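Here the structure is laid out as structure tokens; the discussion comes afterwards.
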Amino acid sequence: MLCAGKKSYFAAAVCIITVTSMLAVSYLRLQRLSHQPKVIQEGRRCRGKIANSTITALKGNKTFIISPYFDDRESKVTRLIGIVHHEDVKQLYCWFCCQPNGKIYVSRAKIDVHSDRFGFPYGAADIVCLEPENCDPTHVSIHQSPHGNMDQLPRFEIKNRKAETFSVDFTVCISAMFGNYNNVLQFIQSMEMYKILGVQKVVIYKNNCSHLMEKVLKFYIEEGTVEIIPWPINSHLRVSSEWYFMQDGTHIGYYGQITALNDCIYRNMERSKFVVLNDADEIILPLKHPNWKTMMNSLQEQNPGTSVFLFENHIFPETVSSRMFNISSWNTVPGVNILQHVYREPDRKDVINPRKMIVDPRKVIQTSVHSVLHAYGNSANVPMDVALIYHCRKALQRDLPRESLIRDTTLWRYNSSLIMNVNKVLSQTMLQAQQ
């Protein structure tokens, strides 16, 4: 025996640790070997129908593919953002077709269901496959078996294969727009505030919205600010508009928002210096800087090695108004006029305010809504005297008298530019809506 003749407790402990380490190394080596791509066919042309939908259901195995992304931060892998049933999906395989030699490789996937599932049976998942050596596959197919006919499988284009120079500094990810969304005025105000603060791109995962909201989105798409990602998740799963599973037969929470946020990070990983994760009724307001660029330069300088910056959420109840900026031409537009809501709720005792984030997307592996689950680098909470999230919505502390609210007119710093820009958008979109 390896440990025979050792009588001291110290020697025995060393022996046990040595044997355990050897077994662990052997197990990890076997695990890695089991995930190595294997050639199963040669001399074939890559066939199979290209998947064009944002959400693609795989036949019969409770798996939905959003999009695959090339990821070489640790090893050369294809990482597919998807949705899976957390118990029933145990095994998946990536099928790679390498041209021009026509070799088809199969690679066993590692399925990593995100921890923030909130009790729902379906959750966001990373489906990660090692890529074949000496091959840069442009497409991948997913199957529950290493055997079959690749021609029958949908093929997905692998994004981020080529590194790009940043085309924008800030991209805002909004997910998901649902419930026949019609808060038109507040949406336009948020969009114009984003632009004033330095945003060049807003990506919206749209389930549905009102007809008038469609007109507004069309304006921003043509302007080049908005990119719409269709998000028909309720065509595939029974969705909930709540966060926690209510034992009501629903499959996934809040219209699959976590999956959309993860996809948005990877989608913009090579083209945006920062990605901002917040909702359409939230604006990160800097208090010490004129815009996000100078704010982030300062925050990065003060927090070296930090890739995730978290901003504290503060509620400005839409039920408490100021008489200022009651602009008559806006009164016919559906939605909230944020310039009239400058009273915020005080912090609640023993309740931590949720946070939203500005992240370096190249350093994020997995994100939730209010924090990053896995990332390279540190996370930092941004002090409230540097910036806060202006969140105009229904009150959380409904019984508070007006005197208990805090008057905060930070938003009014931007009123002149904001009013002018909103009027320009309304003059075009409202005229279009009436035609």
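The values are calculated or read from the model by the stated rules, or taken from the named source; none is laboratory data. Quick caveat, the model's predicted, so the values are computed rather than measured. Reconstructed Cβ throughout: ideal geometry from the backbone, glycine too, with neighbour counts over all protein chains shown. Protein only, heavy atoms only, side chains kept; ligands, DNA and RNA dropped before computing areas. Shrake-Rupley method; radii C 1.70, N 1.55, O 1.52, S 1.80 Å.
Can you give me the angle between helix 211-223 and the longest principal axis of the chain, using Cα atoms only, in degrees from 0 to 90, rounded to the nearest 10?
Long axis of 211-223 versus the principal axis of the chain: about 70 degrees.
Which of the pairs Lys90/Lys110; Lys49/Lys162; Lys76/Lys110 have their Cα atoms more than 18 Å apart in this structure?
The pairs that break the limit, which is 18 Å between Cα atoms, are Lys49/Lys162.
Hey, if you put +1 on the Cβ of every Lys and Arg and -1 on every Asp and Glu Cβ in the chain, which of Trp292, Leu237, Trp330 ends up farthest toward the positive end of that dipole?
Farthest along the dipole direction, towards plus: Leu237.
With a 1.4 Å probe and every protein chain left in place, work out the accessible area per residue of segment 272-430 in Å², rounded to a whole number.
About 46 Å² of surface per residue is accessible.
Can you match P(r) over Cα pairs in 10 Å bins from 0, in percent to one of these, (1) 4, 18, 26, 24, 15, 8, 4, 1, 0, 0; (2) 4, 20, 29, 27, 16, 4, 0, 0; (3) 4, 17, 22, 19, 14, 12, 8, 3, 1, 0, based on a calculation from the structure here?
Only one option fits the structure, namely (1).
Helix 257-267: angle to the longest alpha-carbon principal axis of the chain, degrees 0 to 90, nearest 10?
80
Take every DSSP beta bridge with both residues inside the chain and express the antiparallel ones as a percent of the total, to the nearest 5.
Among the beta bridges of the chain, antiparallel pairing accounts for roughly 65 percent.
Give me the accessible area per residue for segment 41-157, probe 1.4 Å, as a whole number in Å².
For segment 41-157, the solvent-accessible area averages 46 Å² per residue.
Quick one: angle between helix 292-302 and the longest Cα principal axis of the chain, in degrees between 0 and 90, rounded to 10, please.
That helix lies at roughly 50 degrees to the long axis.
Within the accessible area of the chain, what % is carbon and sulfur when the probe is 1.4 Å and the other protein chains stay in place?
Heavy-atom surface of the chain belonging to carbon and sulfur, 1.4 Å probe: 51 percent.
Among 382-388, 405-411, how do they line up from the highest to the lowest mean number of other beta-carbon atoms within 10 Å?
Ranked from most to least packed, the peptides come out as 382-388, 405-411.
Provide the packing ranking of 88-98, 322-332, 280-290, 265-275, i.e. peptides ordered by the mean count of other C-beta atoms within 10 Å per residue, highest first.
265-275, 88-98, 280-290, 322-332
For the chain, what is the charge dipole size about the Cα centre, in debye to the nearest 20, if Lys and Arg each add +1 at the Cβ and Asp and Glu each add -1 at the Cβ?
Charge dipole, the chain, about its Cα centre: 940 debye, nearest 20.
Quickly rank 229-236, 76-83, 355-362 as a protection proxy: mean count of other C-beta atoms within 10 Å, highest first.
Highest mean packing first, the order is 76-83, 355-362, 229-236.
Students often forget the sequence filter, so: which lysines lie under 22 Å Cα-Cα from Lys195 once same-chain residues fewer than 8 apart are removed?
Lys195 reaches Lys206, Lys215, Lys218, Lys273, Lys288, Lys293, Lys356, Lys424.
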